[in-house]
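Here's the structure we're looking at; comments come further down.
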Amino acid sequence: MSTTVITFGTFDVFHVGHLRILERARASGDRLVVGVSTDQLNIAKKGRPPVYTQDERAEIVRALRCVDKVFFEESLEQKADYIRDYSADILVMGDDWAGRFDDLSALCEIIYLTRTPAISTTEVIEKIRL
Ligand code: C2G
């Protein structure tokens, strides 16, 4: 039986930390479904829009070899619906979210992977600004 993995993220100013978590998420199963957060969700969450639009971010993620399917994540609270909609067996998130989604463990297995150290979208933006 094939195993579907689901993960979520903004993936703004795409960097190697994003690539590595997607590759490791895909290696946890047979098929990787990615929820890319919408511009609206980011504005609500962080008070500013991402550098790249949701269509650009989704286009980049969709082009990766390790990604099978991309959809837009409209709300952080809809994870249970997305897990059901895509029949996900495993939810993978970076460990900056450790423990945050444990209430979904009745629906699927939850795995938190270690983040790639010393890189983030914010740091890349800061470096370019200097
Ligand atoms: N990530 C990582 N290593 C980094 C940076 C990010 O492993 N150095 C991982 C994060 O842990 C996350 C994924 O890459 O699992 C996407 O990170 P972000 O784009 O920052 O996503 P975020 O804004 O946390 O949105 O529903 C959850 C949200 O949509 C997650």
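Computed from the coordinates by the stated procedures, all read-outs in this text should not be read as laboratory data. Just so you know, these numbers come straight off a predicted model, no measurement behind them. A quick note on method: Cβ atoms are made from the backbone with ideal geometry, for glycine too, and the neighbour counts reach across all protein chains shown.
Residue by residue through the range 26-37, what is 3J(HN,Hα) from phi via Karplus (6.51 cos²θ - 1.76 cosθ + 1.60, θ = phi - 60°)? Round to whole Hz and write x for glycine and proline.
Each residue of the range 26-37 in turn: 4, 6, 7, x, 10, 8, 10, 10, 10, x, 8, 5 Hz.
Between Asp55 and Lys69, what is the label-to-label distance in nm when each label sits 7 Å out along the Cα-to-Cβ direction?
Placing both labels 7 Å beyond Cα along the Cβ direction yields 2.3 nm.
Subtract the Cα-Cα distance of His15 and Met1 from 0.36 nm times their separation in residues, and report this length gain in nm to one decimal.
Working: separation 14, 0.36 × 14 = 5.04 nm, distance 3.24 nm.
Once the chain is fully extended between His15 and Met1, it gains 1.8 nm.
Could you work out the local net charge near Ser2, counting Lys and Arg as +1, Asp and Glu as -1, over the other residues with Cβ closer than 12 Å to its Cβ? Kindly include the intermediate steps, with their values, before the conclusion.
Values: positive: Arg31; negative: Asp30, Asp68, Asp89.
So the surrounding residues net to -2.
Apply the Karplus parameterisation 6.51 cos²θ - 1.76 cosθ + 1.60, with θ equal to phi minus 60°, to every residue of the range 100-112 and state each ³J(HN,Hα) to the nearest whole Hz, in sequence, with x for glycine and proline.
Each residue of the range 100-112 in turn: 5, 10, 4, 5, 8, 5, 6, 8, 7, 6, 10, 10, 9 Hz.
Across the range 8-19, in residue order, what do the Karplus-derived ³J(HN,Hα) couplings come to in whole Hz, using 6.51 cos²θ - 1.76 cosθ + 1.60 with θ = phi - 60° and x for Gly and Pro?
9, x, 8, 6, 8, 6, 3, 9, 5, x, 5, 4
Apply the Debye scattering formula to the chain, with a single equal point scatterer on each alpha-carbon and no solvent, then give log10 I(q)/I(0) at q = 0.20 Å⁻¹.
Scattering profile of the chain, log10 relative to I(0): -1.25.
Using unit Cβ charges (K, R positive; D, E negative) and no other charged atoms, how large, in debye to the nearest 20, is the dipole of the range 1-108 about its Cα centre? Provide the component values of the computation, followed by the final result.
Working: 14 positive and 18 negative charges, 53 e Å.
Result for the range 1-108 is approximately 260 debye, rounded to the nearest 20.
Using the per-residue mean of other Cβ atoms lying within 10 Å as a proxy for protection, in what order, highest first, do the peptides 1-10, 41-50 fall? Don't skip to the end; give the middle numbers.
On the way: 1-10: 17.9, 41-50: 13.4.
My ranking of the peptides, most packed first, is 1-10, 41-50.
Would you please put 32-38, 119-125 in order of how densely packed they are, using the mean number of other Cβ atoms within 10 angstrom per residue and starting with the highest?
Numbers: 32-38: 23.4, 119-125: 14.1.
Taking the mean over residues of other Cβ atoms within 10 Å, the ranking is 32-38, 119-125.
Which far-off residues, 5 or more places away or on another chain, put their amide H under 5 Å from the one on Arg115, with H placed in the peptide plane?
Those qualifying (amide H under 5 Å, at least 5 residues apart or on another chain) are Asp95, Asp96.
Rounded to whole Å and sorted largest first, list the principal axis extents of the Cα atoms in the range 1-75.
If we take the Cα atoms of the range 1-75, the spans are 41, 23, 16 Å.
Quote the FRET efficiency, to the nearest 0.05, computed for Val124 versus Arg84 with a Förster distance R0 of 25 Å and r equal to the Cβ-Cβ distance. Mind dumping the intermediate values first?
Values: r = 35 Å, r/R0 = 1.39.
Once the sixth-power term is evaluated, E becomes 0.10.
Count the net charge of all other residues whose Cβ sits under 12 Å from the Cβ of Glu73, scoring Lys and Arg as +1 and Asp and Glu as -1. Can you show the working numbers first?
On the way: positive: Lys45, Arg57, Lys79; negative: Asp39, Glu74, Glu77, Asp81, Asp85.
The answer is -2.
Report Rg(Cα)/(2.2 N^0.38 Å) for the range 69-130, keeping two decimals.
Details: Rg = 14.7 Å, N = 62, 2.2 N^0.38 = 10.6 Å.
It is 1.40.
Spin-label point model (7 Å from Cα, Cβ direction): what's the Thr116 to Leu76 distance in nm?
Once both label points are built, they end up 2.4 nm from each other.
Can you list residues from other chains, or at least 5 along the same chain, whose modelled amide H is less than 5 Å from the amide H of Ile110?
Sorted by chain and number, the residues that satisfy this are Leu91.
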